[in-house]
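**Q** Below: one structure in structure tokens.
The values are calculated or read from the model by the stated rules, or taken from the named source; none is laboratory data. The structure presented is a predicted model; accordingly, all values stated were derived computationally and were not measured. Cβ sites come from the backbone with ideal geometry, for glycine too, and all protein chains shown count toward neighbours.
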């Protein structure tokens, strides 16, 4: 028996709706691709920055040791570990977006510990006040939760680094004595005292924090 007219009309209407949906998705595809590319570009920039910071702070620590500033050397080593953690976190999200993490590491001139601390303050302040806030805003706009998480963890640690570097810079003579720092292996939180059971940033148990001297 032939299909009745009303049923055929319903099928035609259903096909029309399907075609409209396909066209709408096709129109949105370039926009989504552009948004993902912007997020990926930001992640690559952050990965490059953190990779350079890690390498730079390792050298700054060596210089501080040479000049007898054991406390400053420990701080640089702790921050270097944190930056390495941030780079690793960024790399994971980059790979999820189909990218390949790449960094162009270029060490600056290694000056005196006093000058190195001032350079570190400038770098951390830029990441805290300008770079990461911009990246976070963009990640929020496109709804990329993975990028948002890694950016937020990084900016929290950078704020701590800027504060610690400022303390060391303004009180450098007292930083000749050794100091102990604790670094979260997940978010890079860098502190001198663990007064919590779980990291307030990423909830990692305190027993997993790395000790840096």
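**Q** Give the residue, chosen from 193, 212, 201, 186, that is at pLDDT 95 or above and over 28 Å from residue 93 (Cβ atoms).
**A** 193
**Q** Surrounded by 11 or more Cβ atoms within 10 Å (Cβ to Cβ), closer than 30 Å to residue 201 by Cα and at pLDDT 95 or above: does that describe residue 67?
**A** No, not satisfied.
**Q** Regarding region 53-60, can at least one residue be identified that is in contact (Cβ under 8 Å) with a residue 12 or more places away in the chain, touching a helix residue (DSSP H, G or I) at 6+ places or on another chain (Cβ under 7 Å), in a helix (DSSP H, G or I) and closer than 14 Å to residue 154 by Cβ?
**A** Yes, region 53-60 contains at least one residue that is in contact (Cβ under 8 Å) with a residue 12 or more places away in the chain, touching a helix residue (DSSP H, G or I) at 6+ places or on another chain (Cβ under 7 Å), in a helix (DSSP H, G or I) and closer than 14 Å to residue 154 by Cβ.
**Q** Right, here's the next one. Report yes if some residue within region 193-201 is in contact (Cβ under 8 Å) with a residue 12 or more places away in the chain, under 24 Å from residue 62 (Cα atoms) and surrounded by fewer than 17 Cβ atoms within 10 Å (Cβ to Cβ); otherwise report no.
**A** Within region 193-201, not a single residue is in contact (Cβ under 8 Å) with a residue 12 or more places away in the chain, under 24 Å from residue 62 (Cα atoms) and surrounded by fewer than 17 Cβ atoms within 10 Å (Cβ to Cβ).
**Q** Name the helices (runs of 4 or more DSSP H) wholly within region 96-213 that hold at least 3 residues that are touching a helix residue (DSSP H, G or I) at 6+ places or on another chain (Cβ under 9 Å) and under 23 Å from residue 66 (Cα atoms)?
**A** Filter on region 96-213 gives 113-126, 145-170.
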